[in-house]
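**Q** What follows is a single structure, and I will ask about it in a moment.
The values are calculated or read from the model by the stated rules, or taken from the named source; none is laboratory data. Quick caveat: nothing in here was measured; it's all calculated off a predicted structure. Here Cβ is always computed from backbone atoms with ideal geometry, including for glycine, and neighbour counts include all displayed protein chains.
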Amino acid sequence: MSAVAKKIARVPKDECVSCGACARVCPKDAVAVYRGLYAKVDPGRCVGCGRCAMECPAGIITLTEAES
C-alpha cells in the first residue's frame with residue numbers, strides 16, 4: 001500500500017486579485033490576504049481540501065504536492 005502525498009494550495013501572488021474569497025471558505029483558516037495585496041497559504045494548516053481553489057473567482061489557485 002502506497003502513501004498518499006499531501007496536497008496544499010498554492011496562490012501565484014502576481015495573479016491574485018486579493019478578494020478574500022479563498023480565506024472566507026477555508027475550514028482551517030490556512031489562507032489569509034496579506035497586506036491587502038495577495039492571498040498567502042500557511043502550509044502547516046492547509047489540508048488540501050480544495051475549497052479555496054473552487055471558490056477563487058480568478059481561477060488561479062492550484063493544489064500541488066506538499067514539500068516534505
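**Q** Inside region 32-53, can you point out the residues that are assigned to a loop (DSSP other than H, G, I, E, B) and either more than 13 Å from E15 (Cα to Cα) or touching a helix residue (DSSP H, G or I) at 6+ places or on another chain (Cβ under 7 Å) (or both)? Please lay out each step first, then the result.
**A** At the first step, the residues of region 32-53 found to be assigned to a loop (DSSP other than H, G, I, E, B) are 35-37, 42-50.
Matches in region 32-53: R35, G36, D42, P43, G44, R45, C46, V47, G48, C49, G50.
**Q** Okay, moving on. In region 35-68, which residues are free of Cβ contacts under 8 Å to residues at least 40 places away in the same chain, surrounded by 14 or more Cβ atoms within 10 Å (Cβ to Cβ) and hydroxyl-bearing (S, T, Y)?
**A** Residue satisfying the conditions is Y38 alone.
**Q** Additional query: Spot the failing condition for L63; the list is (1) modelled with pLDDT under 95; (2) assigned to a strand (DSSP E or B), and only one is missed.
**A** Condition (1) is where L63 drops out.
**Q** Answer yes if at least one residue in region 5-22 is exposed (fewer than 13 other Cβ atoms within 10 Å of the Cβ), acidic (D, E) and in a loop (DSSP other than H, G, I, E, B), and no otherwise.
**A** yes
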